[in-house]
2 protein chains.
Amino acid sequence: MENVRVGIIGLGNMGTNHAKYLYRKAIDGAVLTAISDHNEERLAWAEKQWGDSVQRFQDPQQLMASGVVDAVLIATPHYSHTELAIKAFENQLHVMVEKPAGVYTKQVKQMNAAAAKSNTVFGIMYNQRTNPIYQKLRDLVQSGELGEIKRTNWIITDWYRPQSYYDSGGWRATWEGEGGGVLLNQDPHQLDLWQWTTGLMPKRVRAFCGFGKYHSIEVEDDVTAYVEYENGATGVFVTSTGEAPGTNRYEISANNGKVVIENGKLTFHRLRTPEREFNATYKGGFGAPECWEINVPIRGNHSEHQGITQDWINAIRSGSPLLAPGEEGIRGLEISNAIHLSSWLDDWVDLPVDEDLYYKKLQEAIAASTSDKDRSASKTLDVKGTY
Amino acid sequence: MENVRVGIIGLGNMGTNHAKYLYRKAIDGAVLTAISDHNEERLAWAEKQWGDSVQRFQDPQQLMASGVVDAVLIATPHYSHTELAIKAFENQLHVMVEKPAGVYTKQVKQMNAAAAKSNTVFGIMYNQRTNPIYQKLRDLVQSGELGEIKRTNWIITDWYRPQSYYDSGGWRATWEGEGGGVLLNQDPHQLDLWQWTTGLMPKRVRAFCGFGKYHSIEVEDDVTAYVEYENGATGVFVTSTGEAPGTNRYEISANNGKVVIENGKLTFHRLRTPEREFNATYKGGFGAPECWEINVPIRGNHSEHQGITQDWINAIRSGSPLLAPGEEGIRGLEISNAIHLSSWLDDWVDLPVDEDLYYKKLQEAIAASTSDKDRSASKTLDVKGTY
């Protein structure tokens, strides 16, 4: 197959990054042919960078109808992901959507339905799925090495953002602009990996959000969520953009031991006798199964965004299965929506989330917004250090 | 002052340990003069060990009235701690009570009131307060090094107990016998240290207990508790006796950085600019305060039970202040009661706990008990490895 002609929709922080590596032909079998952005300054910048070799559009629908793209990478603010993706599917274009898949599950279901009706390849920019450390954890779970999971615990508070970050874009950290805070902007990867590595979706959620706790924003910047799974396991997810330095520590306790991922290292504390068996047979009162601390080797390339884009291009060209199918974007979002809803209702929320109730509550939050941000203000930040 | 004559009430696992070191004169200024236990086999064992140099009583009240003790160390099952302590105060005896202070706060308040009316020294066996690592953490908080606390997180799941442990004593892990599970038996130290190191008591608690989740017992062996403090900080406490190997990791995030205690090491991640100041002044969007990873030296002797007993004896002899005053036992218990109550009510619980409601709910749990344990069965286990 010939090169896939890719258009980038949205030249903000992430879109610009994708455009740059595509332009320099870092992705085999792909060529950047077009970009779109509503902002004229950004279009002028693009012209300066790439001249007329990359076509420029102010309206993404014109880009989609231009005939110069086979595929689009959508890197606009969250709310527009689904609408643009649906339009792209209608144009029989392949789609790579930035995370999150959307802002509420009702919307994302429509996008997934449109994808199913089209004959295109739909991926989501879950670049953390290319991280060999999380692939190894998933391997340990899926292969049965870990055994039945008892507890998950992710402290992911190393998303520190100062106020000036939030002041840099009019859409940032508003219900209307982003539909949430740390859960929608920083955590989509971890919320996805939480379910992807374990193969478990929570059955119900009880969560506690601090809204504008550490910043002058209206959305959540501090979250503690407790979850229960179908198999009886429990879990905790703690996240914040208000702590420095933060922590990124993911622990899973299971019948065959415990895995901890922290500081780029995966440690498997492996029991020689599974705990449930030991519990039933050991007669000594005090005592525990013999445990080996294993530093599991992590091999492979953490190819990040380019890895996901390459994987998507390969799927388009050869039909290979995607590492991060777009349809799976709803899972992490469902957890995110459940966390918001539980906090708003101050009560348990069962999964799947009541999508109409969530939508209603989100509209209430938007209506009640007192944000006086200049919505048109927007500044492209250096994304070094973001994910 | 002459040697303090100490009587041990209860020759179970812990009482036997205390008696042994007191008998061998490991505590300056103290001498073991009497023991009491309802169990004749244990009395026979005591006679064999110590002959008539240590008087033996089946009834603790006889020991208290014997005139051969100035002070008693109470190491009986939890429920009887308060009643025995009150009797001892009425006999003008100094008291050291094993943890927990009691089973419900209503009871412990009566004990504290009796202590206040007596002219004696009242200590509690919070031997973990002698651990220099927790003393150092308390120092970092109290001296202001850490600044305002934002979040506490303690994963204390290294209490693994197999079923045979629970089968070793008729009173174990029943509502009637212990008034709870891991919170009452294993966690009293951590619940105390959680408040002692931070100087913060939760304002309200939302907790989730698994009752008999990993063992054939009726009380909780798996707990996740979320708390909120008056200053806006939040916290999580996760504990279990059903995981192997467990974790013991205590993290505090604060305005001046973060402290983590794990594997016997205290690491202070210290910001050069406090986060709140950085947040307000930094204009760069992405960025965080410079952070130094400091391995704080931990000096001093972790003197454990003997350290607490020595401290108590010193206080009796010289009037020195106690490291672990008995009256403070109510704090950790209050958190423990709040966790139970929140789980039972499936709702928030404010602190101070409604003591009458807690008492009522506890009686309901006792009444609903289906435990068919032989209450008289009791086996003294080797306490090596317990705290």
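Read-outs: derived from the displayed coordinates by stated rules, not from any lab. Since the model is a prediction, treat every value here as computed from it, not as a measurement. Glycine gets a Cβ as well: all are built from the backbone with ideal geometry, and neighbour counts include every protein chain shown.
Assorted remarks:
- Dipole magnitude for the range B:196-353: about 700 debye, using +1 per Lys or Arg Cβ and -1 per Asp or Glu Cβ, origin at the Cα centre.
- The Kirkwood radius of the range B:284-376, taken over pairs of alpha-carbon atoms, gives through the Stokes-Einstein law at 20 °C and 1.002 mPa s a diffusion coefficient of 115 µm² s⁻¹.
- With the charge dipole of the protein assembly as shown set up from +1 on Lys and Arg Cβ and -1 on Asp and Glu Cβ about the Cα centre, the Cα lying farthest toward the positive end among the listed residues B:94, A:32, B:189 is that of A:32.
- Remark: B:87, A:117 ranked as A:117, B:87, counting other beta-carbon atoms within 10 Å and listing the fewest first.
- Partner aspartates and glutamates whose Cα lies under 15 Å from the Cα of residue B:203, excluding those fewer than 8 positions away in the same chain, are identified as B:228, B:230, B:334, B:347, B:350, B:354.
- For the range B:208-264, a simple Cβ point-charge model (Lys and Arg +1, Asp and Glu -1, everything else neutral) yields a dipole of about 220 debye relative to the Cα centre.
- Distance between the C-alpha centres of the range A:99-114 and the range A:36-89: 20 Å, rounded to the whole angstrom.
- The mean number of Cβ atoms from other chains found within 10 Å of a Cβ in peptide B:22-34 is 0, as a whole number.
- At an R0 of 22 angstrom, the distance between the Cβ atoms of residue B:20 and residue B:68 translates into a FRET efficiency of 0.70.
- Global size of the protein assembly as shown: 30.2, 103 Å for Rg and Dmax (C-alpha atoms, Rg to one decimal, Dmax whole).
- Counting only alpha carbon atoms, the long axis of helix B:188-198 and the longest principal axis of chain B meet at about 40°.
- For the range A:170-271, the percent of C-alpha pairs falling in each 5 Å distance bin, counted from 0 to the bin holding the largest distance, reads 2, 11, 18, 22, 19, 13, 8, 4, 2, 0, 0.
- Taken residue by residue and averaged, Cβ atoms of other chains lying within 10 Å of the Cβ of B:245-256 number 4.
- Label point of residue B:148 (7 Å along Cα→beta-carbon): distances to the other copies' equivalent points are 4.6 nm, sorted ascending.
- Computed over neighbours whose Cβ is under 13 Å from that of residue A:361, the net charge equals -4, Lys and Arg +1, Asp and Glu -1.
- Derived value for chain A: Kirkwood hydrodynamic radius 21.9 Å. Basis is the mean of 1/r over every pair of different alpha-carbon atoms.
- Low-density loop positions, GluC sites (Glu not before Pro), the range A:208-273 - DSSP coil, at most 15 other Cβ in 10 Å: A:230
- The convex hull defined by the C-alpha atoms of the range B:47-126 has an orientation-averaged projected area of 5.5 nm².
- About the centre of its Cα atoms, the range B:1-149 shows a dipole size close to 160 debye [charges on the beta carbon of Lys, Arg (+1) and Asp, Glu (-1) only; nearest 20 debye].
- Summed over qualifying helices (DSSP H, 4 residues or more, each -39500 (n - 2.57)) and divided by its residue number, chain A shows a 222 nm mean residue ellipticity of -10500 deg cm²/dmol.
- In terms of packing, defined here as the mean over residues of other Cβ atoms within 10 angstrom, the peptides A:118-128, A:12-22 line up highest first as A:118-128, A:12-22.
- Neighbour net charge for residue A:322 - beta-carbon separation under 11 angstrom, K R +1, D E -1: -2
- On Cα atoms only, tilt of B:329-345 relative to the major axis of chain B in degrees: 70 degrees
- The alpha carbon gyration tensor of the range B:1-83 gives principal lengths a ≥ b ≥ c with a/c below 1.5, which makes the shape rounded.
- For the protein assembly as shown, the residue among A:77, A:159, B:226 whose Cα projects farthest onto the positive side of the dipole built from Cβ charges is A:159.
- Shielding by partners for peptide B:286-295, expressed as the average number of C-beta atoms from other protein chains within 10 Å of each residue's C-beta, is 4.
- Bridges between two residues of the protein assembly as shown, per DSSP, are antiparallel at a rate of about 65%.
- Most mobile of B:197, B:234, B:370 in a GNM of chain B (Cα contacts under 10 Å): B:370
- Pairs from A:150/B:150; B:150/B:213; A:150/A:265; B:117/B:360; A:25/A:265; A:136/B:150 whose Cα-Cα separation, in the structure shown, is over 30 Å: B:150/B:213; A:25/A:265; A:136/B:150
- With Cα atoms, 0 to 90° folded angle of helix A:355-367 axis to chain A main axis: 60 degrees
- C-alpha center-to-center spacing [the range B:119-133, the range B:151-175] in angstrom: 22 Å
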